[in-house]
1. Quick one: count up the residues across the stretch 103-127 that are over 30 Å from ASP174 (Cα atoms), open to solvent by 30 Å² or more (accessible area, probe 1.4 Å), assigned to a strand (DSSP E or B) and of a type outside the set (Lys, Arg).
2. Quick check on SER55: is it at pLDDT 90 or above and among the polar types (S, T, N, Q)?
3. Quick one: is GLY90 within 24 Å of LYS21 (Cα to Cα), touching a residue at least 12 places away in the same chain (Cβ under 8 Å), open to solvent by 40 Å² or more (accessible area, probe 1.4 Å) and not in a strand (DSSP E or B)?
4. Return the residue satisfying two criteria in turn: it lies in the stretch 38-55 and is in contact (Cβ under 8 Å) with a residue 24 or more places away in the chain and not β-branched (Val, Ile, Thr), and of such residues it is surrounded by the most Cβ atoms within 10 Å (Cβ to Cβ).
5. All but one of (1) under 30 Å from LYS148 (Cα atoms); (2) at pLDDT 70 or above; (3) surrounded by 10 or more Cβ atoms within 10 Å (Cβ to Cβ) hold for SER229, so report the exception by its number.
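The values are calculated or read from the model by the stated rules, or taken from the named source; none is laboratory data. Predicted, not measured: the structure shown is a model, and the values here were computed from it. Neighbour counts are summed over all protein chains in view; Cβ atoms, including those assigned to glycine, are modelled from backbone coordinates with ideal geometry. Protein only, heavy atoms only, side chains kept; ligands, DNA and RNA dropped before computing areas. Shrake-Rupley method; radii C 1.70, N 1.55, O 1.52, S 1.80 Å.
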Amino acid sequence: MWTLLGLAAVFISASALSGVKGIVKQKVLLHCPCVNRNVRKKVIWQLEEHTTVLSHDGSDNHTTMGKGYENRVSLFLNEEKDNCSLLLSGITVADNGTYKCFFTANAFVYEKVILHVAASYSVCMDLVSDQASVCSRGGEGSGVYQCKASGGYPEGQIHWELEGHPLVNPSRRDVTHLDYFTGLYSLTSNLTIELSEGEKLQCVVENTALASNLTSNSSCNHKPMSMESSGHYKVEVAALVAVSLIVMFIVGVLLVFLLTRFCRHERSTKQRDTERQESGVTRSFNVYEDDSA
């Protein structure tokens, strides 16, 4: 009997597995309802089997964040004691995996959440080599066409379409590059094809994690300015304008100072000349009076 009670006391209860999707560089909420939890016990978030994401000690209300998660994770315990959900910011590919939320209620309980990390590809296409007379406008001509897809996750696939229909057994050469620092993929596909005038060629990038297909709509050599680049450009322009205004202000102050000194010097010179003239007249008058006497 006591053995059964002891086993019940340490019984670990696992919830049904749930999954959420997180986009690289964005935020995601990993849900963990912890109704009737013992507020004096610990709440622990763990990735896979060995990586501690966050540990909250209810006895002293102290929270410790795991290595690499500093300033990226937060709990809601101070607002809702029955909500142990974790807010994860600045998502990276390394955050992909199964998370466990441990807490103590009537037993030692944990919730499982699978985070599926994804990143959308940037796609562009160009005519890179002529084999015959080529007209590169509108996707017309014959030659080698290159499709590039960069900064995506998980590994995607490039498909070629002619007039909206998939090409069958095309002459192509594909290269896949994995950035081991970010975990993001870059894909390149070179297609050799002869096009008739007016035919429209497109490359399509498939990303299964996002359940989406991206079609090339821009040239790789003439990419539109991204929002981030545009923001940096605006900041640089604002800084340049501010510096220009400061320089103009300083130059203006110097000009006023020099003009004021010049005016004062002119007045002083004129005053001295006037005094000399008056002094000369006075001396002449005195000499005249002496001679008369």
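1. Residues flagged as over 30 Å from ASP174 (Cα atoms), open to solvent by 30 Å² or more (accessible area, probe 1.4 Å), assigned to a strand (DSSP E or B) and of a type outside the set (Lys, Arg) within the stretch 103-127 amount to 5.
2. Details: at pLDDT 90 or above: yes; among the polar types (S, T, N, Q): yes.
For SER55, the condition - at pLDDT 90 or above and among the polar types (S, T, N, Q) - is met.
3. no
4. TRP45
5. Against the list (1) under 30 Å from LYS148 (Cα atoms); (2) at pLDDT 70 or above; (3) surrounded by 10 or more Cβ atoms within 10 Å (Cβ to Cβ), SER229 comes up short only on (2).
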